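This structure is in structure tokens; I'll ask about it shortly.
Bear in mind these aren't lab numbers, they're just calculated from the coordinates by the rules spelled out. Because the structure is a prediction, the values reported are computed rather than measured. Ideal geometry is used to build each Cβ from the backbone, glycine not excepted, and the neighbour counts take in all protein chains shown.
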Amino acid sequence: MSPPACIFCRIAKHEIPARVVLEDDDVIAFHDLSPQAPVHALVIPKAHVVSLDELTPEHGALHLSLLQGARRVARELGLTEGGYRVVANTGRDGGQSVFHLHLHVLGGRPLGWPPG
Ligand code: DGP
């Protein structure tokens with residue numbers, strides 16, 4: 001079910017604009033509104049899944065679609081050679097602020113570790 005107020009559900013349905021990088025039947029990827037690196041995109045399932053913690057075996061091939069989506073975004077945005085980071089902030093302590101599962105794909109500069 002898709003909560004009417006979920007901003008990422010609305011992006012997935014093209015009800016609100018986003019700079020889309022790629023899209024298929026299962027996932028859509030778009031540039032982050034508030035980039036934390038020279039390249040910062042998000043890969044989301046089109047179906048509403050709250051967080052990585054709610055992505056279960058019942059979601060089947062969606063796991064693969066999301067990971068391959070991140071890889072395809074990295075290729076599309078020129079990150080493959082230099083490398084990149086894929087992050088799923090999950091829940092309160094994980095720093096999640098939008099409660100529709102998303103993979104951050106970050107790159108374009110050396111990224112620090114550990115995260116804050
Ligand atoms: P997180 O804190 O892990 O839940 O990341 C949510 C990200 O979503 C954050 O980096 C900003 C981004 N974001 C929030 N609202 C929008 C939006 O309306 N459009 C786009 N493109 N990105 C958004």
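Once you have the alpha carbon radius of gyration of the chain, what is it after dividing by 2.2 N^0.38 Å, with N set to its residue count? Show your work: numbers first, answer last.
Numbers: Rg = 13.6 Å, N = 116, 2.2 N^0.38 = 13.4 Å.
For the chain, the normalised Cα radius of gyration comes out at 1.01.
Output ³J(HN,Hα) for region 50-63: one whole-Hz value per residue in order, computed from phi by the Karplus curve 6.51 cos²θ - 1.76 cosθ + 1.60 with θ = phi - 60°, and x for Gly and Pro.
Each residue's phi maps through the Karplus curve to give 5, 7, 4, 5, 9, 8, 10, x, 5, 6, x, 5, 4, 4 Hz.
Please compute the net charge surrounding ALA74, taking Lys and Arg as +1 and Asp and Glu as -1 over other residues with Cβ under 13 Å from its Cβ.
So the surrounding residues net to +2.
In the neighborhood of HIS31, defined by Cβ-to-Cβ distances under 12 Å, what is the net charge if each Lys or Arg adds +1 and each Asp or Glu adds -1?
-1
Out of PHE99, LEU42, LEU67, whose Cα points farthest toward the positive end of the dipole of the chain (charges: +1 Lys, Arg; -1 Asp, Glu; placed on Cβ)?
In the chain, that residue is LEU42.
Taking H placed 1.01 Å from N in the peptide plane, check which residues at least 5 places from LEU22 or on another chain put their amide H under 5 Å from its amide H.
Residues meeting the criterion, in which the H sits 1.01 Å from N, are ALA29.
Now, a different point. Under 12 Å from the Cβ of SER2, count the other residues' Cβ atoms, weight Lys and Arg +1, Asp and Glu -1, and hand me the total.
Values: positive: ARG10, LYS13, LYS46; negative: GLU15.
Around SER2, the surrounding residues sum to +2.
Here is a follow-up. Viscosity 0.692 mPa s, temperature 37 °C: Stokes-Einstein D of region 18-57 from its Kirkwood Cα radius, in µm² per second?
It diffuses with D of about 291 µm²/s by this estimate.
Still on this model: Could you put GLU76, GLU54, GLU15 in order, starting from the residue whose Cβ has the fewest other Cβ atoms within 10 Å?
Listing GLU76, GLU54, GLU15 from fewest to most nearby Cβ atoms yields GLU15, GLU54, GLU76.
Tell me the mean residue ellipticity at 222 nm calculated for the chain from its helices only (DSSP H runs of n ≥ 4, each -39500 (n - 2.57), averaged over every residue, nearest 500).
-5500 deg cm²/dmol
Next question, about the same structure. With only alpha-carbon atoms in the gyration tensor, what are the semi-axes of the equivalent ellipsoid for region 75-116, in Å, largest first?
Working: eigenvalues 100, 36, 7 Å².
Each semi-axis is the square root of five times an eigenvalue, giving 22, 14, 6 Å.
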